[in-house]
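First up is the structure itself, then whatever we jot down about it.
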Amino acid sequence: MGKRIFKKEIRLSGSGGQGLITAGIILARAAVLDKANVTQMQSYGPESRGGASRADVIISNAEFYYPEATRFDVLLALTQEACDKYSVNLKDDGILIADNTFVKNISLLDTEIYELPFTDIAHKKLGTKLPTNIITLGFLVRKTDVVSEASLKKAVTNSVKPQYVDLNNKALKIGYKLADEYIKKD
Amino acid sequence: MQKIPQKIIHTRYLRHRKKFPHVWCPGCSNGIVLGAIMRAIDELKWKRSNTAMVSGIGCSSRMPVYVDFNTLHSLHGRAIAYATGIKMFKPEMNVMVVTGDGDATAIGGNHFIHAARRNIDLTVILINNYIYGMTGGQYSPTTPTGDIATTTPYGNIDPVFDICELAMGAGATFVARTTAYHALEAQSFIKQALEHKGFSLVEIISACPVIYGKLNKKGDAIAMMNAMKKNAVSLKAWEKLPEDKLKGKIKRGILRNEIRPEYTDEYAKLVQKVQGGK
Amino acid sequence: MTKNNIESKVVLMQGNEAVARGAIDAGVNFFAGYPITPSTEIAEICSVELPKRGGKFIQMEDEIASISAIIGASLAGAKTMTATSGPGFSLMQEGIGFAKMTETPCVVVNVMRGGPSTGLPTKPSQADIMQTRWGNHGDAPAIVLYPDSVLESYELAIRAVNLSEKYRTCVVLLLDEVLGHMREAVTLPDLAKVKIINRIKPTIPPEWYKHYEDNPKYIHPLASYGEGYRFHVTGLAHDAYGFPTNRADETAVMMERLDKKIKHHLNDLVQIESFYMDDARTAIFAAGISARAAKTAVLMARKSGKKVGLLRPLTIWPFPDDAIRKYMKNVRNIFVPELNQGQLLNEVKRAMGGVWNYESRRSRKIIPIQKNDGQLITPADIINKMKEVK
């Protein structure tokens, strides 16, 4: 990347219980390992499960101050509500990653959109939908390069309980593979 | 019981040159309780510097200023919470709370029951005079139903708390009740409560002739003391009394004395466990 | 604030965690608290960390009990802290007044959320600023610190503990909900280099000791329970020994000390950050999370050639009157973005009173930018307002 200044604003959105805040923390930890400047912010309702939930991660190689993502370079939407609410603030050259297990309508044109049933895939391949967040994180990182994959792997390992490291590494690999095999609809 | 001359007590344990005369009204029982506490502590040979007396707000809560211990006159209802802080940080200190019926069971009811539940090693000496004296005679959670207070001019319709039952229900491990008339018994109960490892309560029924007594035509201080003598029956006698004779009587005696893990001990064990895991 | 020269020790840390770690590093060895969003993580971390160090943690039955317990423990010699948020902070006011009145060191963290009442438990607000100054009944000055980053949360937590010990009073650490829950890369300083202040202990024999001995600096030694100094503490007006008094002369001495011990040490207490203020023609005055938006707005404005600067208080009380007058004297307009209905605005107006001659220089304005709906003020909000006001 050289000396060029980069700053990526990423919003991970969906509902409580989908692991978005954990995903945000892991992404931010990976950025720290990359020696980038990072803020991770979160917003959620009073409920820890079920209500709207989002995590913002801003990653830059320069100093920055305002910690809330306002114009997203990357938006991950795991629910229809989140997609509807936040896709308007996606940058023109931004990337939308949507879980079409839940997101059925996307009213954006000209945007780079990736749609996959991440939750269904997690359930089918890993027997549980819990690692959906890590699958999407793997997908997001391979498609966007916001952090290095080595740092991401390390961050995942450092962030989950020892007994879940293998499961989550598998989830990461599934995410990478999905990104590599993704065929864009036109 | 060993009798101790007055003189030694007041020069040794009171701030006798600095803070007297005290604020209490003529005929008030608080002085009797103060004497009983001093004598109990003298029997235990407790070091003054290692002893703390904490109070809240009210007539009885003025007591700490008169005693030569580590003393804290805190906020209304909060004495037990302040005392919990002292005891938690310095478990080696002897910490007692002097409080009243309103202070401990109305505004401070929450702290009272939770300290009992934790079984933290505090001794609560609760002087129950059935009234808010400091503010001039409003009804408290122990003012008998039907009685007159300045805020129950037509008679009190509130049911009353039985403070000892409340403490036992919440988990206190030493609970005793007596009256200011039974001063030696009070001294003995206080001594046992202070020695007890865990949350202990001594409720002392007391006379407030100037306010409660006057409002309810209970007579002067002597008449009120005589009423205590008559109405407070010992546990043994209580069990023999037929039900129809129990009305208006007060049960006095040690109502509970048992051992349960004490809070600061348990915390010390927890610290040991956490540090041992390294 | 994020740093470019990140070392290997750098960690991703949440604001609430930084507060807990800062306080513990400053020597806090007693924490009593009650769960409340968005401050709960501070209690959780203390419950993990304090027993490891032989410190004490207790979850009390409510916030009133929590402030009471930390004051009791402080009198017994502990360095103490509690943490809460809006509703709990309201419940603690009587205890905070007691700590100030009895000159007992303690730290109260208030992670602000939307109010009044239960309000918006998970949304940011800056509407407790006045409560931290005037929340307890009676006259008593306040020391209140207000960070704008995770690292600064750590640093000001240490400073809060230090100031509480030094000035024998309750120090409040204000935090924005967003900051409490935000994570940033933080390089923690070498602990050996961190300055820790402990309360001054009396050296005279107990019989000579006065718990509230007056002296020209208004700061006096503090004995602890259980050390042989059998002193009395009361929330009543008291004399030098701590015994209750009704005498006007003794009360006056006490009240003057509470006031002067803050006012005589403004140089030590007041901390501000001047961000591009030296040549500023337009100024922003903002604290906490709103200052983060303001910094971005300053950089955006500078890029388009406008001389905009930010003055930010790290100590919000005592209010930095002198700094405001010094830095704002020659600016044209002052913008005050805040997540409330004008709590800082009115203070800035008060501080500037008499400095600007409003009659002859009508063009000068102090302009509010306010939100109280749970949303943050964005850099764009500030830029747009600046464009509006010519």
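The values are calculated or read from the model by the stated rules, or taken from the named source; none is laboratory data. Treat the numbers as computed from the prediction; the structure is a model and nothing was measured. Cβ atoms come from the backbone with ideal geometry, glycine included; neighbour counts cover every protein chain shown.
Listed values, structure above:
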{"item": "Complete set of residues in segment C:138-170 that are β-branched (V, I, T), out of contact with any Pro (no Cβ under 8 Å at 6 or more places or on another chain) and within 15 Å of C:Q271 (Cα to Cα)", "result": "C:V144, C:I158"}
{"item": "Which numbered condition C:L174 misses (of (1) part of a loop (DSSP other than H, G, I, E, B); (2) modelled with pLDDT of 95 or more)", "result": "(1)"}
{"item": "First in segment C:250-274 and under 29 Å from C:E152 (Cβ atoms), second anywhere and loosely packed, with under 15 Cβ neighbours inside 10 Å, Cβ under 6 Å, 6 or more apart", "result": "none"}
{"item": "Residues being outside any loop (DSSP other than H, G, I, E, B), over 30 Å from C:V161 (Cα atoms) and either polar (S, T, N, Q) or in contact with a Lys or Arg (Cβ under 7 Å, 6 or more places away or on another chain) (or both) - total across segment C:279-326", "result": "3"}
{"item": "Any hit, segment A:106-129, residues being in contact (Cβ under 8 Å) with a residue 12 or more places away in the chain, surrounded by 24 or more Cβ atoms within 10 Å (Cβ to Cβ) and basic (K, R)", "result": "no"}
{"item": "For A:A122: the one exception among (1) within 16 Å of A:V74 (Cα to Cα); (2) outside any strand (DSSP E or B); (3) of a type in the set (A, V, I, L, M)", "result": "(1)"}
{"item": "Hits in segment B:31-63 - residues which are assigned to a helix (DSSP H, G or I) and within 7 Å of another protein chain (Cβ to nearest Cβ)", "result": "B:R48, B:S49, B:N50"}
{"item": "Unique residue being of a type in the set (S, T, N, Q), surrounded by 24 or more Cβ atoms within 10 Å (Cβ to Cβ) and more than 11 Å from chain C (Cβ to nearest Cβ) when the list is A:Q40, A:Q80, A:Q18", "result": "A:Q18"}
{"item": "Qualifying residues in segment C:84-107 (those that are within 17 Å of C:E41 (Cα to Cα) and hydrophobic (A, V, I, L, M, F, W, C)) - the one nearest to the other protein chains (Cβ to nearest Cβ)", "result": "C:V107"}
{"item": "Residue among C:G72, C:G54, C:G77 that is over 19 Å from the mean Cα position of the chain (by Cα), touching a residue at least 60 places away in the same chain (Cβ under 8 Å) and within 9 Å of another protein chain (Cβ to nearest Cβ)", "result": "C:G77"}
{"item": "Candidate set from segment C:57-69 (those that are more than 7 Å from chain B (Cβ to nearest Cβ) and part of a helix (DSSP H, G or I)); member that is nearest to C:K100 (Cα to Cα)", "result": "C:I67"}
{"item": "Failed item in (1) in contact with a strand residue (DSSP E or B) (Cβ under 9 Å, 6 or more places away or on another chain); (2) more than 22 Å from C:G15 (Cβ to Cβ); (3) more than 9 Å from chain C (Cβ to nearest Cβ), with A:N61 passing the rest", "result": "(3)"}
{"item": "Answer residue from segment C:1-36, given it is more than 30 Å from B:I86 (Cβ to Cβ) and buried (at least 20 other Cβ atoms within 10 Å of the Cβ) and is modelled with the lowest pLDDT among those", "result": "C:T2"}
{"item": "Selection status of A:R54, among the charged types (D, E, K, R), more than 9 Å from chain C (Cβ to nearest Cβ) and over 22 Å from A:V156 (Cα atoms)", "result": "no"}
{"item": "Those residues of segment C:277-305 which are within 14 Å of another protein chain (Cβ to nearest Cβ), in contact (Cβ under 8 Å) with a residue 24 or more places away in the chain and within 15 Å of C:D148 (Cβ to Cβ), in sequence order", "result": "C:I284, C:A286, C:A287, C:G288, C:I289, C:S290, C:A291, C:R292, C:A293, C:A294, C:T296, C:A297"}
{"item": "Segment B:68-112, subset acidic (D, E) and surrounded by fewer than 24 Cβ atoms within 10 Å (Cβ to Cβ), residue farthest from the other protein chains (Cβ to nearest Cβ)", "result": "B:E92"}
{"item": "Some residue of segment B:112-126 being farther than 30 Å from C:G228 by Cβ, of a type in the set (D, E) and at pLDDT 95 or above", "result": "no"}
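A quick yes/no check of all residues on (1) surrounded by 22 or more Cβ atoms within 10 Å (Cβ to Cβ); (2) more than 9 Å from chain A (Cβ to nearest Cβ); (3) touching a Phe, Trp or Tyr at 6+ places or on another chain (Cβ under 9 Å); (4) more than 22 Å from C:K263 (Cβ to Cβ):
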{"residue": "C:G138", "(1), (2), (3), (4)": "no, yes, no, no"}
{"residue": "C:I143", "(1), (2), (3), (4)": "yes, yes, yes, no"}
{"residue": "C:S153", "(1), (2), (3), (4)": "yes, yes, no, yes"}
{"residue": "C:L175", "(1), (2), (3), (4)": "yes, yes, yes, yes"}
{"residue": "C:L179", "(1), (2), (3), (4)": "yes, no, no, yes"}
{"residue": "C:R183", "(1), (2), (3), (4)": "yes, no, no, yes"}
